[in-house]
1. Looking at (1) modelled with pLDDT of 95 or more; (2) buried (at least 20 other Cβ atoms within 10 Å of the Cβ), which one does PRO255 not meet, given that it meets all the others?
2. Which numbered condition in (1) closer than 30 Å to ASP204 by Cβ; (2) under 14 Å from the mean Cα position of the chain (by Cα); (3) outside any helix (DSSP H, G or I) is the only one that GLY71 fails?
3. Testing SER192 on (1) farther than 26 Å from ARG14 by Cβ; (2) surrounded by 15 or more Cβ atoms within 10 Å (Cβ to Cβ); (3) in contact (Cβ under 8 Å) with a residue 60 or more places away in the chain; (4) not aliphatic (A, V, I, L, M), one condition comes back false. Which one is that?
4. Confirm whether GLY65 is under 14 Å from the mean Cα position of the chain (by Cα) and either farther than 21 Å from TRP149 by Cα or not aliphatic (A, V, I, L, M) (or both).
5. Within segment 25-57, track down each residue that is assigned to a loop (DSSP other than H, G, I, E, B) and over 12 Å from SER117 (Cα atoms).
6. What number of residues within segment 21-41 satisfy the criterion of being more than 23 Å from VAL193 (Cβ to Cβ) and among the small types (Gly, Ala, Ser)?
7. Return the residues of segment 205-247 that are of a type in the set (Asp, Glu), touching a residue at least 12 places away in the same chain (Cβ under 8 Å) and closer than 24 Å to LEU150 by Cβ; say none if nothing qualifies.
8. State whether the residues of segment 76-87 include one that is without any contact (Cβ under 8 Å) to a residue 12 or more places away in the chain and of a type in the set (Lys, Arg).
Amino acid sequence: MTSDIQYPDNFIERLHAVWGEGFLSPGGAEEVREIVRDIDLAQKTVLDIGFGTAGPAITLARELGAGQVVGVDVEEPLHRRAKAIVDAAGLSERIDLRLVEPGPLPFGDASFDVVFSKDSIIHIPDKGALFAEVRRVLKPGGTFAASDWLSGKGPDAEAALRHMGGHLHFEMATAPQMEKILRDAGFKSVSSVDRNAWYAIVVDEELRTLERVYDDLVARVGKEVVDPWLQVRRGLARAVQGGGLRPTHLRGTSP
């Protein structure tokens, strides 16, 4: 596994304080339901790319009826925390979380009915290689459904790059670029749904939440950690509200 950990325990604690246990990005279970809206997951086999701390996988299995969710991620702190959350939810028989190396997916061709991802593709530099792998492991007619942090244009987009988490490594793309990469990988019925207007409202509540839990967070991870991160979050909010950071839903079908 990579030794360059982007999600240490104290960062997981901060993200849970904003978005709730099991979630490292906005919207919680409601946003997971929006990502897979109109997809019948009943008894389907789902691959979750970048399982984070397992909130999305639990939603897919418990609320939306997926028969089996297999999750992959690359960092041990995430795997450890996610496994504990899945065990506590009593879903360890239906949710299989795997710690993997970056690169090709460790699954055979046509292994999954649906491939899902919530806000993790931003960390993957070669998105074309990823989407080729997603298409490979999808069954014919299977669906790729994801959300990701995409970029707008202009000064606010540059601000988004500066404020998108401080220590995180990522490669941002625009919605037209992502749609083209999906089509080039062979996907059909490619579409995107811009969620910037939704998140521009939500991000204000997130900042208010952080202000409410500030003292508790300082007690748990330290003022020297929380204060710089709070400044990052404020910069991120400005980038969202200026249109530079555009959460987006992506969809494509394997032929």
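1. The number of the failed condition is (2).
2. The single condition GLY71 does not satisfy is (1).
3. All conditions pass for SER192, except number (3).
4. Numbers: under 14 Å from the mean Cα position of the chain (by Cα): no; either farther than 21 Å from TRP149 by Cα or not aliphatic (A, V, I, L, M) (or both): yes.
Taking the combined requirement at face value, the residue does not satisfy it.
5. Pass one, segment 25-57, residues assigned to a loop (DSSP other than H, G, I, E, B): 25-27, 36-41, 43-44, 50-54.
Correct list: PRO26, GLY27, ARG37, ASP38, ILE39, ASP40, LEU41, GLN43, LYS44, THR53.
6. Step one: filter segment 21-41 for residues more than 23 Å from VAL193 (Cβ to Cβ), giving 21-22.
Then keep just the ones that are among the small types (Gly, Ala, Ser); that gives 22.
Residues that pass the stated criteria total 1.
7. Filtering segment 205-247 for residues of a type in the set (Asp, Glu) gives 205-206, 211, 215-216, 224, 227.
After this cut, where a residue has to be touching a residue at least 12 places away in the same chain (Cβ under 8 Å) as well, the list is 206, 216.
Selection gives GLU206 alone.
8. Quick first cut of segment 76-87, residues without any contact (Cβ under 8 Å) to a residue 12 or more places away in the chain only: 80, 84, 87.
Those left that are additionally of a type in the set (Lys, Arg): 80.
Yes - at least one qualifying residue is present in segment 76-87.
The values are calculated or read from the model by the stated rules, or taken from the named source; none is laboratory data. Note that the coordinates shown come from a computational prediction; the quantities given were computed from them, not determined experimentally. Glycine gets a Cβ as well: all are built from the backbone with ideal geometry, and neighbour counts include every protein chain shown.
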